[in-house]
Each structure stands twice: as C-alpha cells, then as structure tokens.
Amino acid sequence: MSHRFLLLGLLIPIAACAPTGSRGPGEAPVPRRVLAGSDLQHPHATNALDLIRMQRPQFLLARGPAGTDRPILYIDEIRTDDVYALASVPKELVAEIRYLTPLDAHFKLGPGHPAGAVLVTLIHAGARR
C-alpha cells in the first residue's frame, strides 16, 4: 500500500512540471514544441517567421556538437533550406508550427535531421478559421 503512495508522490511533481504553451480560454494546453491556437494570433506577427521568432525562437537555434546544424524546415511537407521562406507565409494561413527533436524527425521524416525539424502546417481553402 505504501508503495502506491510513494509512486503517486513521485508522479504528481513530474506531471506538474510538464511544459505547456500559452492558451486562451477554453483551450487545452499546448506543448512547448507546438505553436497553435491563440499562439498564432500574436498581435505583432504578420507571418510564420515572426510567430516563431517572437514566441519560440529556440525552434530555429543551431544545435549539434559544433553548434552549426539548423533544424530543417518543412512548409506543408515541402522541404526548404531557406528560413526566409517562412516570411512569405501569412500568419492567417498557419494552422500549426511544430518542432521535432532529431529523434522524432528521424522516425517521422527519415535520417538527415541532426538538429531536428520545424513543420509548418497550413490551413487550406475550405478549412479557414
């Protein structure tokens, strides 16, 4: 019986420390690796690059042993090496921006993502907010 309480006592603090993003009234918590919901309505952002730079600049940081690897960008599953391509995506067309760790990117997208990946999912005609 005491083992159950000990286990529960260890799990509650861990769950309380789980990172989440900002949220609006009635919205579920958003993981720190995701920009979605009210995060996409930042008043000073006009495009996807602004959204990332203002709210999750760590998405674009160089990583790796030498600190020179950058996450690979995908806009609607199309790979781009140009971070400024994000500036051409109006924030109103963004459904979600998600950072994948190198391991997650490897399993979802294949090898060759030593710094992870940033996935920008767009809203398509007929599905606009």
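The values are calculated or read from the model by the stated rules, or taken from the named source; none is laboratory data. These numbers were taken from a predicted model, which means no experiment stands behind them. Cβ: placed from backbone, ideal geometry, glycine included. Neighbour counts: every protein chain shown. Just the protein is used for accessible areas: all its heavy atoms, side chains included, with ligands, DNA and RNA removed. Shrake-Rupley method; radii C 1.70, N 1.55, O 1.52, S 1.80 Å.
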Query raised in the report: Considering only the range 52-97, how many residues are touching a Lys or Arg at 6+ places or on another chain (Cβ under 6 Å) and under 12 Å from residue 118 (Cβ atoms)?
Result: 0
**Report entry** Of all residues in the range 94-126 being free of Cβ contacts under 8 Å to residues at least 40 places away in the same chain and not in a loop (DSSP other than H, G, I, E, B), the one that is surrounded by the most Cβ atoms within 10 Å (Cβ to Cβ)
**Finding:** 105
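To keep it simple, each residue is scored yes or no on (1) closer than 16 Å to residue 35 by Cβ; (2) within 15 Å of the chain's Cα centre (by Cα); (3) among the charged types (D, E, K, R).
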position: 71; (1), (2), (3): yes, yes, no
position: 79; (1), (2), (3): no, no, yes
position: 86; (1), (2), (3): yes, yes, no
position: 95; (1), (2), (3): yes, yes, no
position: 100; (1), (2), (3): yes, yes, no
position: 105; (1), (2), (3): no, yes, no
position: 108; (1), (2), (3): no, yes, yes
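Working only within the range 34-63, note down all residues that are open to solvent by 40 Å² or more (accessible area, probe 1.4 Å) and not basic (Lys, Arg). Steps first, please.
Kept after step one, since they are open to solvent by 40 Å² or more (accessible area, probe 1.4 Å), are these residues of the range 34-63: 38, 41-44, 46, 53-54, 57-58, 61, 63.
Once the filter is applied, which keeps residues that are open to solvent by 40 Å² or more (accessible area, probe 1.4 Å) and not basic (Lys, Arg), the range 34-63 yields 38, 41, 42, 43, 44, 46, 54, 57, 58, 61.
Is it the case, given these coordinates, that residue 45 is over 22 Å from residue 110 (Cβ atoms), touching a residue at least 40 places away in the same chain (Cβ under 8 Å) and part of a loop (DSSP other than H, G, I, E, B)? Let's see the steps before the verdict.
Details: over 22 Å from residue 110 (Cβ atoms): yes; touching a residue at least 40 places away in the same chain (Cβ under 8 Å): yes; part of a loop (DSSP other than H, G, I, E, B): yes.
In short, yes.
Can you pull out every residue in the range 52-79 that is at positive phi and not small (Gly, Ala, Ser)? Break it down stepwise before answering.
If we filter the range 52-79 for residues that are at positive phi, which is where we start, we get 64, 67, 76-77.
Result: 76, 77.
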Report summary line: Condition set open to solvent by less than 40 Å² (accessible area, probe 1.4 Å) and out of contact with any Asp or Glu (no Cβ under 9 Å at 6 or more places or on another chain), scope the range 68-82, selection nearest to residue 45 (Cα to Cα): answer is 75
